[in-house]
Structure formats: C-alpha cells, structure tokens
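Undergrad: Here's a structure for you.
The values are calculated or read from the model by the stated rules, or taken from the named source; none is laboratory data. Quantities reported herein were computed from a predicted structural model and do not represent experimental measurements. Neighbour counts are summed over all protein chains in view; Cβ atoms, including those assigned to glycine, are modelled from backbone coordinates with ideal geometry. Just so you know, the surface numbers come from the protein's heavy atoms only, side chains and all, with ligands and any DNA or RNA stripped out. Shrake-Rupley method; radii C 1.70, N 1.55, O 1.52, S 1.80 Å.
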Amino acid sequence: MTTPSRRDLANAIRFLAIDAVQAANSGHPGMPMGMADIAEVLWNDYLKVNPANPGWADRDRFVLSNGHGSMLQYALLHLAGFDLPIDELKRFRQLGSRTPGHPENHVTPGVETTTGPLGQGLANAVGFALAEKLLAQRFNRDGHTIVDHRTWVFLGDGCLMEGISHEAASLAGTWGLHKLIAFWDDNRISIDGNTDGWFTDDTPKRFEAYGWNVIRGVDGHDPVEIKTAIETALKSTDKPTLICCRTTIGFGSPNKAGKESSHGAPLGKDEVQATREALGWPYPPFEIPAEIYAGWRARDRAAAEAEWNARFAAYKAAYPQAAAEFERRLSGALPAGFEAAADAFIARLQQDGPVIASRKASQNAIEAFAPLLPELVGGSADLAHSNLTLWKGSKSVAGSDPDANYVYYGVREFGMSAISNGLALHGGFLPFDATFLVFSDYARNAVRMSALMGAHAIHVYTHDSIGLGEDGPTHQPIEHLASLRHIPNNDVWRPCDAVESAVAWKAAIARADGPSCLVFSRQTLPHQVRTPEQVAAIARGGYVLKDSVGAPEVILIATGSEVALAMQAAAQLGEKVRVVSMPSTNVFERQDAAYREAVLPKACRKRVAVEAGVTGFWRQYVGLDGAVVGIDTFGASAPAEALFPHFGLTVERLIEVINAL
C-alpha cells in the first residue's frame, strides 16, 4: 500500500468494527461504519489527547453518546495508540475483556464516561463542558491559560428522541458552552427501521431554539465537508455547536447499507466479504497494514501535553498557590483540615442540639462545609427554596464569576443528575444536585449510572415521606428509599436529626469511589442525645443509639423521622429494649462482621424495624420472627400530623407490634 487515503484510514475503523462484531456474533456494526469518516477527521486533525497519558489535565473529552456503536471508539483508541491491543478487540463483548458491549469508563483507557443509555452521554458532555468553563474562569490568568479544552460528542437519532437530550441541550445553550461540539449521526434509521414514522422533528431548528450554533447538511462521508464544518464550529465563541451529518448506516455494505439490518446484528459472513470487496479492503479479519497504523500515528499526540506542561510550569512559577489548588482539585484530595473542621462542626451540633427539619440541617451543613470546599458545585431542579440548597456563597454558573458554584437546573431532574455525573467525571469538582425524593424516579437511571461509573456525585432528596403532608400521594415517596438502596455501589443516607445529617454530608464528601443519596425530611425532627463514641459510630451506617441493660430482648431499628418513634417506644417498654439508628444500610453492610454482630446480635430474634416506606426491604434485618412497621400503600393528602396516625406510624402501634412478637 502507498500512502493511505483518508478513506483508507476510515475503513480501518469500519473493518475493525465489522470483524469484532462478527467474531462476537453480537454488537452494532452499522453506526461505526456510518460515522467512521467523521471520526477519522476529528481524531486525526483535531482531538487533543495523549495515548501515553489518557488522563492529562487539559485533554479534550470525547463522548460516544450513541454507545451501542462502541466498536467505533475501541477502534479509534487502538489505532491512535492507546493501551488497547488488537487482542482486546478480538475479545469484544467477552467476559473480562477491555472492550465491553458499551463503553465503560473504568474498564477501557481513554473512555471518559460510560454510555449506552441513550442521551445520557450528551448530558455527561454538557457536564464536561460546564466543568471546563468553570475551571477556566477560576484558574486562568492573563497570559496564563491552563484550562482550554473542548468536549466532542457523537450522538444519534435515539439520543435525540430521548427526553434527556432536550433537558441537557437547553441548559448548554443557556450557559453558552461554546467549547461543546456535537456531531449528529443523521442516518434516519433506528432498530425498528426508517425513522420517518416516529422521528420527524426539525432537529436543526430545535437546537437553534436552544441557542446552539447549527451547521446543516454536512456530508458525513466527505472529509472536506466534515473538516469545513469543524473549522466553522471552532469559531463559535458564545454557543455550543451541532454539526448535522447526513450519513449512511452500514456504509459500504452492498446489501445492508441504509437499512436497520446493519444496526444491531453482525453483517454475516457473506456480507462481510462483499463489503471487503466493495470498499477495496483485501486484508483478513483484524489485520491492519503497517501503512495504516503509520497514518493513524503520524501525528505527535504527545506534543499538546508537552506544550501544556511547559505552560503550567510557567503558571506555577507565577501563581504557586493557584497552581497547588488546581493540582489538589484535579487529584480529588480534600483540603487539608477539612476533616477536623467537619468533626468540630458535628461536635458543636451534638452539644447544641438543634431541633429542625433535616433539610434545614442539610442546608446548615452546606453552609459549614462549602466555604472549605471550593470544588463543591451544585443546585436544584427548581426547588432551591424547598430543598434548601442555596447558601450564602452561592453564585450562578451562568455568569463569569471565578467562584461560580450554583446551578439553577430548572425542572430537569434527569438532565441535572447526568450533568452532575459529567462534572464528577471531568475532575476538579464535587457536584451535588437536589429534588424531592419522589422525583428521584425521573433521575434514577442517571443515579444508577453514577454508581456504575463510580462517579463522586451527591444526590440530595428532601420531602422524604408522608411527612411532607398535603401535597398527597403524587409527592409522597413510599418505595423510593428501598429502590435507591438496591442500586449497587450507591450509599443512601436517611438521617434522624441535625447531627446525623452533618455526618451524612461529611461521609458523602469523603467518599471518592461512588455516589451518595442524602435523604432529608420536610418536617422538624427532635435532637437525639449521644456520647462522643456514638457520634463517631454514625459514620458506620448503623449504631446503638439507646442500649438495653444487659443483653437486649427486643431490638428496634429505625431511620429518619421514625427514630424518634422508636426512642419513645423504648422509653415505655423498659430496660431490655435496644434502639438502633440505621441512617445508611449500605454503609452498615460494609462494616466487619464483628461490628454488625455487636449492633444486631443474632441471639436477639425479637426485632422490629420502623420506617415510613415499604416494609419488604427490612425483612433482611428482622427475619421471619420479627416485624416491620411501615407503609405498603400510597399516601394521602392531609396534614402530616393526621397522616402518621392514619398509617399506623405511632408509638402506640409500635408498642402493640412489639408486644405481639
């Protein structure tokens, strides 16, 4: 082969995807075949990454929102020289490989975010672009630009059909995220066939209405048109850009190009051979000629990082404190002294004993911790004055303030949570978001993705039970706590007073390997008396709040507002009753067996759990001999003081259940 053409370089992507899907007998070849020409131009001429150091600070972020086409990304990473050898491509979709069915950020070097649930990648990309904007505002100085990178996102028709694309794109336009550039794979095919019957939106006008720069009618198979479109996008200084690329799904396949049959299944042996002949690719499966590798690796991809290192060294000499703070934030380390300051705040709360709603206690914790954590950025889905997420230092991210830290998300729970994931994955920020607990349903898949990716995001949910009162069953969560607790790697906290609320915030801030859901009440909760040892034990997820004299004959387990009920019942039942406050079952389950036995000794089989939610979750703690007091129906519209007795959440009912054991 002589010097390869751009089409030759793109065909390497196509056939790595075709061959990997064929070998796995599973996958999606059509999208990689259709977007290969776009990807080749972007990765070879524009994308700022270093395969030798995939995580360097000022790299561009590439997001494959249409993650079913994962072989496109794996082929790109392999060809560009990332640590993804050809043998890993041969093991596509196999157990233990670094090429899973959809891109996973913790599996494959060079993958920034886990994608597959359509549209969420676009929202993550908005989070990446917002992070770049805020870091640039905070750290760049005249003559010293250390934050200057772009976020590039590939998306398909499915991403645009998902409602989250509206939520995320609307915010990106409002915030003027001009370093966000999206490529729409306009192939008019989805799994069910031609989209004329279900996707007839005028997408360019839609994005123009959001405040985006839109480049129409780009031939997604013409490198010149693609390059011209990118050059136009790079000139935008106040708007994100959508590049509308007309493509053919399954490009090059004689019998399946432009058809849904190429979307989600191998082409088949005969069609693979026919496609090789049609595109002039005579090489056997997984064979890439040396000239093709040379073409992909001709660009010095390490040069951009080397140049940035020199700039950062100059910045560090001129602004040593800012440079040290930049490095700390990107490392994820907490500020020196944070833990001691947080512990002192918690100790003062225990001493002062405030009697307040836990949502107010949450706001007080934010007021105490946020001045110590410039990386803390967050907001609410149009419920700031109900969730109580605003604090004295809140400054909107929509502006240019170097200390901008508050996000007015509007009524966009799903987009909000996925943008938080992007902020967390980008680095340099600790994001939180907030809404009512019942509306965590809108956000749940993004919360699941937080946990799957190990994203350090904090999801705040208030109005945690029938205690919110008159708004009624549409707003009263019943099954939500159990549902969130069942997400693997997701820590759910439901504190019973101001002290537990502050401990929950501290734990969520300190946890670096996954998300936390902090669940707070609308109604006032009483303060609980504790020893210093009990205060320290809160962080273990469950602890003995009131102990029995001698071995317990009855154990009451409670969370949140129901801890007070358990304490009152125990006071009436005598000295043989132990009360366990269990603010986080997820954290408690990670404690060693000896600690868990000390809190919940197996010898005591008379156990009652009480929580204003579904009862089934608590059977693992009370067993067949125990009982659960909770709610297994929807709520009702009435004042909270009428609802708790109506649903049997009273001291009297609790004592009755205990005595019946």
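Undergrad: Yes or no: His221 open to solvent by 20 Å² or more (accessible area, probe 1.4 Å) and within 30 Å of Ala404 (Cβ to Cβ)?
TA: On the way: open to solvent by 20 Å² or more (accessible area, probe 1.4 Å): yes; within 30 Å of Ala404 (Cβ to Cβ): no.
Here the answer is no, as His221 does not meet what is asked.
Undergrad: Here's something else I'd like to know. In region 361-383, which residues are in contact (Cβ under 8 Å) with a residue 40 or more places away in the chain, open to solvent by 20 Å² or more (accessible area, probe 1.4 Å) and either in contact with a Gly (Cβ under 8 Å, 6 or more places away or on another chain) or over 21 Å from Trp175 (Cβ atoms) (or both)?
TA: Going residue by residue through region 361-383, those that are in contact (Cβ under 8 Å) with a residue 40 or more places away in the chain are 361-362, 364-366, 368-369, 373-381, 383.
This time we only want the ones that are open to solvent by 20 Å² or more (accessible area, probe 1.4 Å), so: 364, 368, 374, 383.
Result: Asn364, Ala368.
Undergrad: Taking only region 452-473 into account, find how many residues are more than 24 Å from Arg59 (Cα to Cα) and either without any contact (Cβ under 8 Å) to a residue 12 or more places away in the chain or surrounded by fewer than 23 Cβ atoms within 10 Å (Cβ to Cβ) (or both). Quick ask: steps written out before the conclusion?
TA: Pass one, region 452-473, residues more than 24 Å from Arg59 (Cα to Cα): 458-473.
When the remaining residues are screened for being either without any contact (Cβ under 8 Å) to a residue 12 or more places away in the chain or surrounded by fewer than 23 Cβ atoms within 10 Å (Cβ to Cβ) (or both), the result is 469-473.
Adding up the residues that qualify gives 5.
Undergrad: Which one of the conditions (1) open to solvent by 40 Å² or more (accessible area, probe 1.4 Å); (2) within 28 Å of the chain's Cα centre (by Cα) does Ala233 fail to meet, given that it meets all the rest?
TA: The failed condition is (1).
Undergrad: Does any residue in region 95-118 that is at positive phi and surrounded by fewer than 18 Cβ atoms within 10 Å (Cβ to Cβ) come within less than 6 Å, Cβ to Cβ, of a residue that is part of a loop (DSSP other than H, G, I, E, B) and of a type in the set (Gly, Ala, Ser) six or more places away or on a different chain, and which pairs are these?
TA: Here the result reads none, with nothing in region 95-118 linked to a residue that is part of a loop (DSSP other than H, G, I, E, B) and of a type in the set (Gly, Ala, Ser).
Undergrad: Which condition from (1) open to solvent by 10 Å² or more (accessible area, probe 1.4 Å); (2) under 29 Å from the mean Cα position of the chain (by Cα); (3) of a type in the set (Asp, Glu) is the one that Glu611 breaks?
TA: (1)
Undergrad: Still on this structure: Looking at region 457-526, what strands (runs of 3 or more DSSP E) fall wholly within it and have at least 3 residues that are closer than 19 Å to Ile557 by Cα? Before the answer, list the steps.
TA: Numbers: elements: 458-462, 491-493, 516-519.
Answer list for region 457-526: 491-493.
Undergrad: For region 265-324, give me every one of the helices (runs of 4 or more DSSP H) that falls completely inside it and has 2 or more residues that are in contact with a strand residue (DSSP E or B) (Cβ under 9 Å, 6 or more places away or on another chain) and not small (Gly, Ala, Ser).
TA: Values: elements: 269-279, 290-296, 303-318.
Of the helices (runs of 4 or more DSSP H) lying wholly inside region 265-324, those with at least 2 residues that are in contact with a strand residue (DSSP E or B) (Cβ under 9 Å, 6 or more places away or on another chain) and not small (Gly, Ala, Ser) span 303-318.
Undergrad: Out of the residues in region 133-181 that are part of a loop (DSSP other than H, G, I, E, B) and of a type in the set (A, V, I, L, M, F, W, C), which is surrounded by the fewest Cβ atoms within 10 Å (Cβ to Cβ)? So that I can check it myself, show each step before the final result.
TA: First, the residues of region 133-181 that are part of a loop (DSSP other than H, G, I, E, B): 140, 142-143, 145-150, 162, 176-179.
Checking the rest, the ones that are also of a type in the set (A, V, I, L, M, F, W, C) come to 146-147, 177.
Details: Ile146: 21, Val147: 19, Leu177: 26.
Taking the candidates together, the pick is Val147.
Undergrad: While we're here: If you scan region 207-241, which residues turn out to be in contact (Cβ under 8 Å) with a residue 24 or more places away in the chain and of a type in the set (Lys, Arg)?
TA: Arg216, Lys227, Lys239
Undergrad: Sticking with this structure for a sec: Residues of region 384-403 being open to solvent by 10 Å² or more (accessible area, probe 1.4 Å), in contact with a strand residue (DSSP E or B) (Cβ under 6 Å, 6 or more places away or on another chain) and either under 23 Å from Cys496 (Cβ atoms) or in a strand (DSSP E or B) (or both), which ones?
TA: Ser396 - this is the single residue of region 384-403 that is open to solvent by 10 Å² or more (accessible area, probe 1.4 Å), in contact with a strand residue (DSSP E or B) (Cβ under 6 Å, 6 or more places away or on another chain) and either under 23 Å from Cys496 (Cβ atoms) or in a strand (DSSP E or B) (or both).
Undergrad: Which condition from (1) out of contact with any Ser or Thr (no Cβ under 9 Å at 6 or more places or on another chain); (2) within 21 Å of Gly469 (Cβ to Cβ) is the one that Ser386 breaks?
TA: That leaves (1) as the condition not met.
Undergrad: Mind checking which residues of region 572-608 are among the polar types (S, T, N, Q), open to solvent by less than 10 Å² (accessible area, probe 1.4 Å) and within 28 Å of the chain's Cα centre (by Cα)? Explain how you work it out, then say what you get.
TA: From region 572-608, those among the polar types (S, T, N, Q) are 572, 581, 584-586, 591; that's our starting set.
Of the ones still in play, those that are also open to solvent by less than 10 Å² (accessible area, probe 1.4 Å) are 581, 584-585.
Matches in region 572-608: Ser584, Thr585.
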